[in-house]
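None of the figures in this text is laboratory data; all of them are computed from the coordinates on show. As the structure is a computational prediction, the values presented were derived from the model and not from experiment. Here the Cβ is made from the backbone with ideal geometry for all residues, glycine too, and neighbour counts use every protein chain on show.
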Amino acid sequence: MACSFVFKWGENMNYDQLYELQSLKLRREAMEKSYPKEREVKLRRRKQELLAEKRDLILLEEKLRMHIKDIHKLQDEKETILEEIARINEDLYSNKFTAKELTSMQNRLENLESTLANRHNRIEKENAMIVAKRADLKEKKNSLVDRMKDYEAKVEEYLQERNRLLEKLKQMDEQIQEFIMMLNVEDRVFYERESGKYGIEMLSILKKGRFCSCCSMLLESDTIFAVKAESVGIRCQSCGRVIYNLEE
Ligand SMILES: [Zn+2]
């Protein structure tokens, strides 16, 4: 209480103003608490999910490409077989070979035709699979694009809301600073000391004419009397805050 020797409280104290400042700071605090932090966390999580999905789709696309390559290989094999069949057919009617050789060529031809039928079936089957996979991939991609758009709209909405809030907070901070500058010396010393000790809610008021508004303690009758008589510097016997005569 060193200050009370320097400043004699009383005539210049303006509790109305200090209380107004306190209310302003409480409003600012409530506004800051309304900052949509949870939404920010949710959005960040959503982004991670979408990116993971995108990575999966890229992998699926890569797999599809490999699958198509395999089919191309099968088709090349089919071409090679067809060429060999054509060659053998030519040789069979060329009169250049012995009966034994012709038999062996005939056998080879049968083998090749069976392999060709096998390749043909596999290619048909694989092609059908590719068509299904491609359709599935396209559907997944479209769905992802839609959800990405939805996510981006939500981010935009969130950013706008956040910026509005930050702008309001900035305005309030300026307002509070101006308010503090306008306080007289006594009030400012009081404000700095008390808010250093009690935080934003440094000034208490009479609640229902009997209670401390901050700690809800029932006040002693002397205290109540003094506060109602507008004496300066009367404190709550429980939390120690100065009580200001403003009935709620
Ligand atoms: Zn109290």
Query raised in the report: What's the Kirkwood radius of segment 197-242 in Å, using all Cα pairs?
Result: 10.4
Query raised in the report: In nm², what is the average projected area of the convex hull enclosing the Cα atoms of segment 36-182?
Result: 13.3
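Given the C-alpha atoms of the chain, compute the convex hull and give its volume per residue in Å³. Spell out each step's value before the answer.
Working: hull volume 53.8 nm³, N = 248.
About 217 Å³ per residue, rounded to a whole number.
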Report summary line: Checked against the positive end of the charge dipole of segment 36-182 (+1 on Cβ of Lys and Arg, -1 on Cβ of Asp and Glu, about the Cα centre), the farthest of Ile176, Leu109, Val41 is Ile176
Requested in this report: Quick one: dipole size for the chain, taken about the Cα centre, charges +1 on Lys/Arg Cβ and -1 on Asp/Glu Cβ, in debye to the nearest 20.
Outcome: 440
Report task. List, in the order given, every pair from Lys73/Lys141; Lys33/Lys54; Lys168/Lys197; Lys33/Lys197 whose Cα-Cα distance in the structure shown is over 31 Å. Result -> Lys33/Lys54
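Using the Cα centre as the reference, give the magnitude of the dipole from point charges on the C-beta atoms of segment 36-182 (Lys, Arg: +1; Asp, Glu: -1; all else neutral), rounded to the nearest 20 debye.
Numbers: 33 positive and 32 negative charges, 91 e Å.
It comes to approximately 440 debye.
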Report summary line: Amide H proximity to Arg235 below 5 Å, modelled H, separation 5+ or other chain, gives Ile243
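For segment 175-248, which trypsin sites (Lys or Arg not before Pro) are both in a DSSP coil and crowded by at most 10 other Cβ atoms within 10 Å? Before the final figure, lay out the partial values.
On the way: sites: Arg188, Arg193, Lys197, Lys207, Lys208, Arg210, Lys228, Arg235, Arg241; in loops: Lys208, Arg210, Arg241.
Qualifying residues, ordered by number: Lys208.
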Query raised in the report: Which of the listed residues, Asn245, Met66, Val232, is farthest toward the dipole's positive end in the chain, when Lys, Arg count +1 and Asp, Glu count -1 at the beta-carbon?
Result: Met66
Report task. May I ask which residue of Thr98, Ile81, Leu51 lies farthest towards the positive end of the charge dipole of segment 1-124, with charges of +1 (Lys, Arg) and -1 (Asp, Glu) on Cβ and the Cα centre as origin? Result -> Leu51
